[in-house]
Amino acid sequence: MDFQKLVDLYGELEKTASGNKMREILSDFFKNVPAEDIAVISYLTLGQIASGFDDVVMGMAEKSVTKAIAMASGTDAAKVQKILHETGDIGLTAEKVLQKKPQTLVPLGKLTVHELFEKLHTIAGASGTGSQEQKMGILSGLLQKTSATGAKYICRIVLGTLRMGVGEMTVLDSLAIAYTGSKEAKEALEKAYNICPDVGIISETLVKQGLKGIEKIDVHVGRPIQMMLAQRVDELHELEDKIPGKWQVEGKYDGERVQAHKDKKGEIMLFSRRLENITEQFPDLVADLQKYIEAKEFVIEGEIIAVDAKGKQLAFQTLMQRRRKYDVEEYIKKVPVQLKLFDVLYLNGKAWLHVPLEKRAEQMEKFLTKNKTIVLTDRIVTDDVEEANAFFHTMLKQGYEGIMIKSLASEYQAGTRGWNWVKWKKEYVKEMADTFDLVVVGAYYGRGRRSGTYGALLCAAYNEKEDRFDTVCKLGTGLTDEQLAELPTKFAKYKVEHKPARVTVQKEMEPNVWFEPKVVVEVLAAEITKSPFHTTGWALRFPRFVKFRDDKKAEQATTVKEIEGMK
């Protein structure tokens, strides 16, 4: 397929402020995509060239892309830099500079989607001496071979700032409509995506094998599974109605949730809650997994926490020092970690997702050799609320966040927030306080002391049913002066010209600046009240910023349904 067809599609999507219209445009386009191109186009439409867990990184900074634009246009680099300063967007800069290309620099032939995809992979794979020059040369060639508008989108893809507002669920919806004629098939696609979170594989399987092929998609070691999520209750006594039978009550930790995979070759990979490959950041944990877990192949889940010399949990911010590319060995000594293991999803050639938790828990005890680094979660089995509450207070005394209550008879429901798991944190029992993970969708300019930065952020909850983000509060309290000063820089790559299609907002709440829904923040609030001004129908009273949740994707934020259930 000619890349220009995709460029025209992106132009339509970029102008669209309606999520339903976006799905309509995409599904119409998908109907005419050749089977051999569908995976490539699914990735590119998300601004990617591979699934997130494949850890494929372009490795080009804005300065290098600016130089490539200069090379492609025969323009002085300083002039391109000046235009970038004016537009604030690498894509618009490329479009403006490349409106008129010297004929001598324009290669013959059209740029195809496959050629673009392959050359972007070549850019990502280039390393070592002279690699930056090689990357700039390849990118320059691509920019010469496409239209000025095509150059806009290519530069944005290279820097990870496509910002069209299309999410994975948008693509799945559109594929369902295009290839089955019904949105109902989305449920089957979503179920497969939770086991195989790779839109390329899902789209290609659907086009070539239909829904029967989709239903056969199963766990594959080395490919992360979407993590199961928990509901919340207002009172612990609700557990008796929500989760019949016995429960496994576990400690809840303020750490980094991780899924560890070991394949037949003995290679171990670690994936975060966002399904990012974080293996290189925890070589000590990888070594201990090899040493203490007796299995040829596995997929297990747990929480990494930072600990002191006595094994006591340290703050989440301390653990985040381990999220680094450099000085890893130094920080292994500075910030030792412990893995609190709580689930097994695959073992020695067999998927364990449909095995009851009781059996999964027994299996973990069998394959784990006793040690101090990898331990099973603190846990009890009970069906007594008072016993669960006593265990909750024991966990708080040990410095943990709270408890998780899980049905002993439950299966592992990948990517699902169901009533088989319930979380109960210390914030939930404060008289007038609760915490929410919300998505930043906009900002308001600051005044007075906050002049020159953003004075408040517009935050939204995720509407799972409609795959959109509905507003719930303005957030300005709790941010330090330093954090406030950094906001424009932090959000620059997510800034968009108009309301993202998957965001809903009332006119009274429209921000000065819009952001693609990507950044998640933890917010503490006094209570939830009805609101005619927010599109959730609710507002948070006295919201206060707690921290950025870099470990969460926007679609993993607090849902509208959760907020409604807390009333």
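Computed 3J(HN,Hα) for segment 373-386, one whole-Hz value per residue from the Karplus formula 6.51 cos²θ - 1.76 cosθ + 1.60 where θ = phi - 60°, is 8, 10, 10, 6, 4, 4, 7, 9, 10, 7, 10, 10, 4, 5, glycine and proline marked x.
A simple packing score, the average count of other Cβ atoms within 10 Å per residue, orders the peptides 75-82, 15-22 as 15-22, 75-82, with the highest score first.
Computed from Cα atoms, the angle from the helix 19-30 axis to the main principal axis of the chain rounds to 60 degrees.
So if we plug the beta-carbon distance of GLU564 and PHE542 into 1/(1 + (r/R0)^6) with R0 = 22 Å, what FRET efficiency do we get, rounded to 0.05? Mind showing how you got there, number by number?
On the way: r = 20 Å, r/R0 = 0.90.
Efficiency, rounded to the nearest 0.05: 0.65.
When the dipole is taken about the Cα centre of segment 434-565, and only Lys, Arg (+1) and Asp, Glu (-1) are charged at their Cβ, what size is it in debye, to the nearest 20? Don't skip to the end; give the middle numbers.
Working: 21 positive and 20 negative charges, 77 e Å.
The calculation lands at about 360 debye.
So how do ILE225, ILE278 line up by other beta-carbon neighbours within 10 Å, fewest first? Display every interim value, and only then the final one.
On the way: ILE225 24, ILE278 20.
The fewest-first ordering by Cβ neighbours comes to ILE278, ILE225.
Residues whose amide H lies under 5 Å from that of GLY455, counting only those 5 or more places away or on a different chain, are TYR444, TYR445, GLY446; hydrogens are built 1.01 Å from N in the peptide plane.
Return a whole-number percent for the relative contact order of segment 57-165, with Cα pairs under 8 Å and 6 or more residues apart as the contact set. Don't skip to the end; give the middle numbers.
Numbers: 127 pairs, mean separation 43.3, N = 109.
In percent, rounded to a whole number, it is 40.
For segment 527-549, the residues whose amide N sits under 18 Å from a probe point set 7 Å from the Cα of ASN20 along the beta carbon direction are 535-536. The three principal axes of the Cα atoms in segment 3-158 give end-to-end lengths of 42, 32, 30 Å, sorted in falling order. What do you get for the angle between helix 77-87 and the principal long axis of the chain? Use alpha-carbon atoms, 0 to 90 degrees, nearest ten. The angle comes out at about 60 degrees.
By the beta-carbon count within 10 Å of each Cβ, the least crowded to most crowded order of MET404, MET1, fewest first, is MET1, MET404.
The relative contact order of the chain comes to 13 percent, based on Cα pairs under 8 Å that sit 6 or more residues apart.
Average projected area of the Cα convex hull of segment 267-309, in nm²?
On the way: hull surface 14.6 nm².
Seen from a random direction, the Cα hull of segment 267-309 projects 3.6 nm² on average.
Sorting check: for 350-357, 3-10, which peptide has the highest mean count of neighbouring beta carbons within 10 Å, and how do the rest follow?
On the way: 350-357: 15.8, 3-10: 19.4.
Highest-to-lowest ranking by the protection proxy: 3-10, 350-357.
Evaluated at q = 0.06, 0.08, 0.10 Å⁻¹, a Debye calculation over the C-alpha positions of the chain (equal weights, vacuum) places log10 I(q)/I(0) at -0.32, -0.58, -0.93. Remark: segment 229-426 is approximated by an ellipsoid whose semi-axes, taken from the C-alpha gyration tensor as √(5λ), come to 27, 21, 14 Å, largest first.
Relative contact order, percent, of segment 301-441 when contacts are C-alpha pairs under 8 Å separated by at least 6 residues?
On the way: 154 pairs, mean separation 28.2, N = 141.
Reported as a whole number, the value is 20 percent.
Mind checking the angle between helix 62-73 and the chain's longest principal axis? C-alpha axes, 0 to 90 degrees, to the nearest 10. Helix 62-73 sits roughly 20 degrees off the main axis of the chain. If R0 equals 35 Å, the separation of the Cβ atoms of ILE332 and LYS183 corresponds to a calculated FRET efficiency of about 0.10.
A short reminder: the numbers here are calculations on the coordinates, not readings from a lab. Predicted model only: the values in this text are computed from it and were never measured. Methodologically, a virtual Cβ is constructed for each residue, glycine included, from the backbone with ideal geometry; neighbour enumeration extends over all protein chains shown.
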